[in-house]
Every structure is written in C-alpha cells, then in structure tokens.
Amino acid sequence: MTPASAAAPALDVEKVRALYPALSREISGKKLVYLDSACTALKPAAVAARLADFYANWGGCGGKRSTHLLSQQVETWLQASRQAVADFLRADGANEVVFTSGTTEAANIVCHAFPYGDGRRKVVITDLEHNAVALPFIEKARRGEIELAICPTKDGRIDLNVLDSMLDDKTALLAITHASNVMGGVTPAAEAAKLARRKGVKVFVDDAQYLGTHREDVSTLGADFVAFSAHKLGGPFGIGVLWGHETELNRLSTWKLGGGTVKSVAWDLKGPVEPVWLDAPGRFEAGVQNFGGAIGLHEALKVRESLPASGIRAHVGALVRRLAESLSRIPEIRVLGRPEDLEKGSLVTFAAAHPDFAPVDFNLYLNHELRGTFVAIRVGEHCAHLQHRRLGVDATVRASLAAHTTEAEVDLFADAVRSYAQEACHG
Ligand SMILES: Cc1ncc(COP(=O)(O)O)c(C=O)c1O
C-alpha cells in the first residue's frame with residue numbers, strides 16, 4: 001500500500017500488479033522491473049484476452065459496410081468504445097471522438113486540416129513538444145504554409161507571460177503538451193488555453209503522457225482538440241483518439257480520404273466528381289478501421305476506471321518524489337526539472353554530469369549486470385529533439401512510473417544508478 005494522502009483512496013498496488021502478466025514472468029531467467037511506461041504502458045491480461053476473443057471469434061467488419069449480424073456486433077462494440085472514450089474525457093458526446101492510429105495521426109490531422117486563414121497563419125508550439133506534434137508543424141512551416149513560433153521553456157517550465165506575448169492576432173493555433181515526456185511534471189495547459197482563447201487562438205492539447213496517471217476533463221480544459229494514444233493507457237497499439245468540439249472538428253478540412261468518409265459522390269460521367277464529406281467523426285476515419293484496437297481500448301479504459309484516480313496520482317507522485325530525491329544525491333548525474341514539479345508527473349529524467357557516465361552503456365548494465373532482474377528504461381532523445389537541443393545534451397536517461405510501480409523497484413533503480421556510476425566513473 002502507498003502512504004497516500006488522507007484524501008486519496010489508497011491504491012492496492014499488489015492488486016494492480018496482478019493485472020499485468022508481464023510483471024510476474026521472467027525473461028532469460030530475470031524478473032522485469034518496468035520503468036518505461038512513458039514509452040508504452042504494460043498491457044493488462046484483460047486487454048489481451050479481449051483482443052484474442054475479438055480476433056478468434058469475431059473479427060468481422062464494422063463501420064456500416066456489411067450489415068450482417070457479425071458486422072452489427074462489431075459496429076455496436078466500436079460505437080460503445082467511442083462512447084466510453086467520450087465518458088472518460090467527460091466530453092459532450094461520441095461524435096466528438098475520432099479514432100486515429102495514435103497521437104501522431106491526431107496531431108497530423110489538426111496540423112494539415114486546420115482552416116488557417118483570416119490573416120491567421122501562425123502556430124505556436126513549445127519546445128517541450130514531442131516530435132509527433134512538433135514535426136508536422138515544423139515541416140509545414142518549412143514549406144512556407146504557416147509561420148511557426150516555438151515558446152522556450154526553462155527547467156521544463158512554461159512561462160505563461162512569455163507564451164502570452166507570442167500569441168497574437170496572427171496566431172491560428174497553439175499546440176501544447178499537457179505533460180512532457182522528457183521533463184516530467186505537468187504543464188499549465190488549461191491556463192495556456194485560457195490565454196489563447198482570449199485572443200481567438202484555437203488550442204490543441206497533447207495528452208499522450210498526461211493520461212498515464214492523470215484524468216482529463218475536456219469540459220473544463222478549454223482546449224478545442226485533445227489527442228492521446230491507447231497504448232500508453234494499456235490499450236492496443238495502432239489506435240488513438242482525436243477529441244474535438246463537434247463544431248471545431250467540422251471546421252477542419254479533409255485529411256486522409258477513402259471509404260467511409262463521404263455522404264455522397266455526385267458525377268454525371270462528364271463533369272467533375274463532387275464528393276460531399278461526412279461530418280466528424282466519419283470524415284476522418286478513412287478505410288476499414290482498427291475495430292480490434294477500438295474494442296481493446298474500451299477494455300483498457302474499464303481496467304483504468306476500476307482503479308481510484310486520486311489513489312494512482314498519490315502513489316505515483318510519492319514514488320517520483322522518492323526517486324528524484326535518491327537520484328539527486330548521485331553527483332555523477334543531473335536530474336532534470338525541479339523536484340516540486342516532478343512529483344506532479346510520472347517520470348524522472350537525468351543527464352550525465354560526469355564524462356564517463358554513458359547512457360547507452362548504463363542501459364546495457366541495467367539489462368545484463370543486475371542479479372535476477374533487468375530494468376526497462378529509456379535512453380536517448382525520446383523523440384523530443386527540440387527539448388534536447390534546449391538542454392544541450394544528446395541523450396538523457398528516463399525512468400517512468402505507473403500504478404504498478406513499487407518503492408522497491410524505484411529503490412532498485414536508484415541503487416543501480418549509484419553502482420554503475422561508481423564502476424564507470426571511479427572504477
Ligand atoms: C508527449 C507525447 N506526445 C506524443 C507522442 C506520440 O505518441 P504515438 O507515437 O503513440 O502517436 C508521445 C509518445 O511517446 C509522447 O510522449
């Protein structure tokens with residue numbers, strides 16, 4: 001049990017761990033310590049079972065193409081998943097939920113289908129953005145289609161005064177992450193959205209990292225669009241969500257086109273072909289959809305909803321604090337971000353502070369040199385090149401936590417950092 005705050009219902013961590021078969025098996029005779037949930041969350045057995053049942057026993061096409069009994073069942077499950085996502089985000093309705101292949105596709109849809117105009121062609125992003133969000137806008141700017149401004153951050157913090165000064169009457173869109181996958185903590189996305197809206201700027205919020213241990217409420221966030229990926233919530237790969245107010249989604253032009261995106265196609269065999277696009281979400285869901293993925297996401301949300309949200313936060317926040325404190329006492333590394341910010345998130349990242357502390361080598365050490373266990377973390381630039389240029393380093397080491405993480409696991413990791421530092425830097 002976690003020493004959770006009085007208000008938060010305690011999380012039964014052993015019960016949570018039992019949901020994940022990967023935590024109790026061994027690979028090459030070693031137990032897994034999984035500190036890589038920011039890359040992707042472990043998958044609960046219930047999600048795997050749901051996918052196995054779908055593919056083995058159903059596997060038919062939903063989407064109102066075929067209408068036999070098999071398809072009707074799959075379509076019913078697809079729409080139930082859409083409604084479950086809407087409920088999870090506290091959205092107004094299922095039509096606000098577009099299924100995508102992940103956060104990356106959601107960001108690309110908004111970047112490319114946004115109706116820039118009325119003298120507003122500027123997009124503001126922050127230097128905390130993941131490449132999924134940063135690169136579509138960077139490339140669009142390189143092609144001269146928009147103007148891009150990158151809001152600088154310090155120690156993972158966004159200065160709202162600086163951001164405010166960058167939002168002007170030429171700005172169409174603000175794209176901001178709600179939790180950095182490098183610097184941890186959370187960002188003031190709601191406050192930023194308020195500033196943006198005051199100036200008529202639309203807001204895209206990247207919730208890919210945030211939803212790992214937080215809940216989102218789009219009815220109060222103030223954003224126009226929110227994106228997340230199912231796999232970071234214990235759902236399947238290849239499925240994610242673009243949420244948007246219906247009016248905002250329907251103001252977007254088209255993106256990927258194909259089956260399932262049109263109301264009608266008029267053609268008199270001589271003149272032009274005139275497609276009439278469906279409203280959201282159909283307009284954005286071209287081709288046969290990832291029905292299994294959507295159904296698996298629904299299952300992942302059920303697992304998530306069965307755990308106390310504030311208990312997860314209290315547990316993970318306390319572990320992040322413990323880990324950041326331990327790591328900050330190791331002189332050969334430099335923990336990024338400020339302790340008081342880190343504990344609001346779910347990860348701790350550090351850079352080497354000694355020339356012989358080599359992140360790639362340390363990763364090998366975690367896999368091969370510990371007795372009876374191996375620790376899964378991530379080293380590198382974490383697809384966050386802008387932030388790494390800001391930090392002036394090529395590689396950082398990230399440990400990311402989840403509801404199933406224990407004190408013993410974070411202590412084992414901190415001990416491993418200490419012993420590696422000793423061996424590599426002073427051995
Ligand atoms: C903050 C953030 N945004 C976006 C993404 C991209 O998510 P996906 O690759 O699932 O589309 C990630 C993935 O690591 C992320 O951490």
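Things worth noting here:
- Checking each residue in the range 257-288 for being under 12 Å from Phe99 (Cβ atoms), in a loop (DSSP other than H, G, I, E, B) and touching a strand residue (DSSP E or B) at 6+ places or on another chain (Cβ under 8 Å) picks out Ala280, Pro281, Glu285.
- Qualifying residue in the range 94-114 (condition: farther than 17 Å from Ala208 by Cα and touching a strand residue (DSSP E or B) at 6+ places or on another chain (Cβ under 8 Å)): yes
Yes/no per residue for (1) under 26 Å from the mean Cα position of the chain (by Cα); (2) within 16 Å of Ala300 (Cβ to Cβ); (3) surrounded by 15 or more Cβ atoms within 10 Å (Cβ to Cβ); (4) in contact (Cβ under 8 Å) with a residue 12 or more places away in the chain:
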site: Glu14; (1), (2), (3), (4): yes, no, no, no
site: Arg25; (1), (2), (3), (4): no, no, no, no
site: Leu32; (1), (2), (3), (4): yes, no, yes, yes
site: Asp36; (1), (2), (3), (4): yes, no, yes, yes
site: Leu51; (1), (2), (3), (4): yes, yes, yes, yes
site: Gly62; (1), (2), (3), (4): no, no, yes, yes
site: Leu69; (1), (2), (3), (4): no, no, no, no
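- Failed condition for Val273, given (1) at pLDDT 95 or above; (2) within 24 Å of Trp58 (Cα to Cα): (2)
- Scanning the range 265-311 for residues that are surrounded by 15 or more Cβ atoms within 10 Å (Cβ to Cβ) and acidic (Asp, Glu) returns Glu285, Glu299.
- Yes/no for Arg418 being closer than 22 Å to Gly185 by Cβ and charged (D, E, K, R): no
- Pairs are defined by a Cβ separation below 7 Å, a sequence spacing of at least 6 or placement on different chains, a first member in the range 95-112 that is closer than 14 Å to Ile138 by Cβ and at pLDDT 95 or above, and a second member that is among the basic types (Lys, Arg) and part of a helix (DSSP H, G or I); the pairs so defined are Cys111/Lys140.
- Filter pass, Ala84 being more than 16 Å from the ligand (Cβ to nearest atom), loosely packed, with under 14 Cβ neighbours inside 10 Å and under 17 Å from Pro236 (Cβ atoms): no
- Here Pro188 clears all of (1) within 21 Å of the chain's Cα centre (by Cα); (2) buried (at least 20 other Cβ atoms within 10 Å of the Cβ) except the condition numbered (2).
- Any hit, the range 352-363, residues being among the aromatic types (Phe, Trp, Tyr), under 30 Å from Glu75 (Cβ atoms) and more than 16 Å from the ligand (Cβ to nearest atom): no
The values are calculated or read from the model by the stated rules, or taken from the named source; none is laboratory data. These figures come from a predicted structure and were not determined experimentally. Note: ideal-geometry Cβ built from the backbone for every residue, glycine included; neighbour counts use all protein chains shown.
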